[in-house]
Amino acid sequence: MFSQSRPPGQSNSPGQSNSPGQPNSSGQSSPLSSREPAVRGSGKGLRGLILIAVSTGVLFGAIAPRLAYLQIVQQDINRELAENNRIRLIPNPPERGQILDRHGSILAGSQLAHSVFVWPLAQPQQDWQSTIERLAEHLDIPASDISERLDQAGYNSPLPVRILRNATPEQVIRLQEHIADVPGTIVQPEAIRYYPNETLAAHLLGYTGEISLEGLETAPSSADYRLGDVVGQVGVERTYESMLRGQWGGQRVLVDAAGHVLEILGEQPARTGNPLQLSLDLNLQQVAEEALGERKGAVVALDPRDGAVLVMASYPTFDPNMFSTAVAQEQWDDLHNQQFPFLNRSMRAYPPASTFKIVTATAALESGSFSPSSTLQTGPYIVVGGWQFWDWNRAGFGVLGFPQALAYSSDTFFYQTALRMGAEPLQHWARQYGFGVPTGIPLVGEAPGIVPDSDWKQDNVGEVWYAGDTVNMSIGQGFTIGTPLQVAVMTAAVANGGWRVTPHLLANPQEPSQRESLGLSPETLQVLQTGLREVITGGTGRGLALSVDLPNIAGKSGTAEDPPRDSHAWFTAYGPFENPEIVVVAFLENSGGGGSSQAGPIAHKVLDAYFRHQLDTVVADR
């Protein structure tokens with residue numbers, strides 16, 4: 001309501017008022033005084049209305065573009081934000097493909113378990129701390145673990161975050177009883193990796209685990225990994241991750257304010273990963289591990305024709321099932337008390353000892369320094385640079401040729417060959433057989449071994465190369481080291497007629513088997529094969545001949561010094577001698593004793609099991 005205005009020079013007396021159309025102080029009515037106030041008041045009101053209209057227009061003009069931007073330009077974004085408050089995506093991780101042995105037996109599969117997830121968007125970030133504490137109490141896990149996972153995922157993430165994998169039935173029941181106290185929490189079935197044979201072939205198979213932040217950052221963009229994804233960490237699981245992984249699916253669900261699922265709006269099924277069939281023989285692997293027992297060491301078996309891995313055993317070992325859930329601290333401590341159980345000793349390098357005499361004999365014959373019919377006088381020791389280098393029997397073996405020197409494993413015989421031909425042929429043929437470089441097996445962590453030469457010794461020891469280094473190298477000692485897998489590749493080259501094979505793991509490899517000719521002369525091959533056969537018929541391995549019902553075998557023993565600890569024991573063998581199908585290398589770390597007596601029986605058991613199975617198969621087919 002607007003107030004009346006008076007003309008200049010007029011005022012009201014106390015208790016008096018002049019209204020339009022009323023007499024003035026002189027008692028006369030004044031038309032002017034009755035009209036002017038009405039006209040002037042009407043002008044003031046009009047100006048006010050104009051001011052309001054202008055202000056409203058200016059205000060609307062400022063707001064209108066923003067309203068238009070929100071309603072037109074950002075309508076999709078705002079709709080998505082609104083839907084995120086009630087519509088969520090539940091990713092459904094794929095089941096990993098099975099891993100099978102060469103006969104179709106399951107080595108790794110899946111089993112159903114329950115996992116616990118939380119929705120970061122179910123409540124404001126400041127409200128999560130109390131929920132986290134209650135969750136930790138119900139699940140009996142550290143609250144810091146839950147907080148860390150939410151921090152990594154981000155509190156604005158629309159995807160659920162796994163906080164516990166493979167929950168126990170007790171944990172699931174306890175959580176379900178208190179689910180109303182933990183808004184934004186769901187329990188979901190999930191397939192986890194399962195290894196039915198537990199520790200069997202654990203180093204070869206490897207294990208799975210959630211991808212790390214570093215792994216997430218380095219993964220190729222095409223892999224479409226997300227935080228919490230379960231991936232292969234080591235072994236076959238890691239090598240063939242892309243084949244085994246499968247493809248994600250998911251559900252679009254309607255949830256309430258607490259994040260509880262009310263309705264499934266749509267679903268895309270996950271695609272199971274591809275099955276993977278390995279060249280590994282489960283039964284033979286079991287025989288090898290039982291023969292190895294609880295002794296530190298390794299057993300490797302290859303098909304010498306194409307490099308297919310039939311056995312890869314290592315002890316101490318572990319159960320990969322333990323990584324399908326969080327590893328308890330006491331479990332972890334127990335593992336670390338077992339002297340490196342995660343170390344695959346079949347791919348770790350050690351002095352190859354007298355198995356290396358295959359290389360020395362090859363180098364001596366191929367260098368032209370000796371002929372296949374050459375003989376040498378052996379004795380208790382030889383003297384080089386004022387040092388005595390003894391034969392292993394401390395007596396020598398009299399006059400020997402190459403086959404007999406291999407059969408009896410005479411050290412002084414091979415000392416002399418090395419001194420005559422020099423170090424270079426030894427180093428060359430060691431590399432030809434595959435020492436000093438990885439074999440190419442598709443597993444992470446393979447040691448290359450060492451083929452020492454003058455440059456290597458100068459760089460690593462700070463000394464020149466001496467004649468004594470050549471002597472030591474001739475019997476696989478000194479600085480020379482190789483893996484059981486490399487020894488198997490070397491043995492396979494003798495067995496298959498001079499081809500270095502690349503070990504592979506697939507029963508049906510997509511690419512042809514890789515092998516490279518060593519260029520050995522037929523005469524050299526004949527000497528090597530004859531010598532390795534005589535190891536079994538009358539040499540250091542004569543106690544390991546198979547029964548008369550089984551094929552002939554050939555092999556070579558080795559005993560490596562490792563002062564101040566006990567010696568290592570080696571035995572490598574192949575068969576059938578006439579048409580080889582299998583190479584077996586048995587190695588015992590710091591076992592003491594000789595290669596034939598310690599490692600030989602292990603190789604014998606594996607060969608015996610292989611040939612008996614072959615014989616049973618032939619009989620069954622008749």
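The values are calculated or read from the model by the stated rules, or taken from the named source; none is laboratory data. This one's a predicted model, so the numbers in the text were calculated from it and none came from an experiment. Cβ coordinates were reconstructed from backbone atoms using ideal geometry, including for glycine residues, and neighbour counts include every protein chain displayed. Accessible surface is based on the protein model in full, side chains and every heavy atom, while ligands, DNA and RNA are left aside. Shrake-Rupley method; radii C 1.70, N 1.55, O 1.52, S 1.80 Å.
Extension gain, Glu294 to Ser105, is 65.6 nm, computed as 0.36 nm per intervening residue step minus the present C-alpha separation. With a Förster radius of 35 Å applied to the C-beta separation of Arg394 and Ser547, the computed FRET efficiency comes to 0.55. Protein-only accessible surface at a 1.4 angstrom probe places the residues Leu244, Leu520 in the order Leu520, Leu244, largest first.
Spin-label pair Thr537-His178: with each label point 7 Å from Cα along the Cα-Cβ axis, the two points sit 7.7 nm from one another. Rounded to the nearest 0.05, the FRET efficiency derived from the C-beta distance between Trp456 and Glu137 at R0 = 60 Å is 0.50.
For segment 191-236, what class follows from the C-alpha gyration tensor (a ≥ b ≥ c being the square roots of its eigenvalues): rounded when a/c is under 1.5, otherwise prolate if a/b is larger than b/c, else oblate? Prolate, because a/c is 1.5 or more and a/b exceeds b/c. Between Gln614 and Glu463, the FRET efficiency from the beta-carbon distance, with R0 = 56 Å, is close to 0.65. Projecting label points 7 angstrom from Cα along Cα→Cβ for Asn508 and Asp333 puts them 4.9 nm apart. The spacing between segment 488-549 and segment 242-307, judged by their C-alpha centroids, is 34 Å. Only aspartates and glutamates eight or more places from Lys296 in sequence, or on another chain, were considered; those with a Cα closer than 15 Å are Asp562, Asp566, Glu589.
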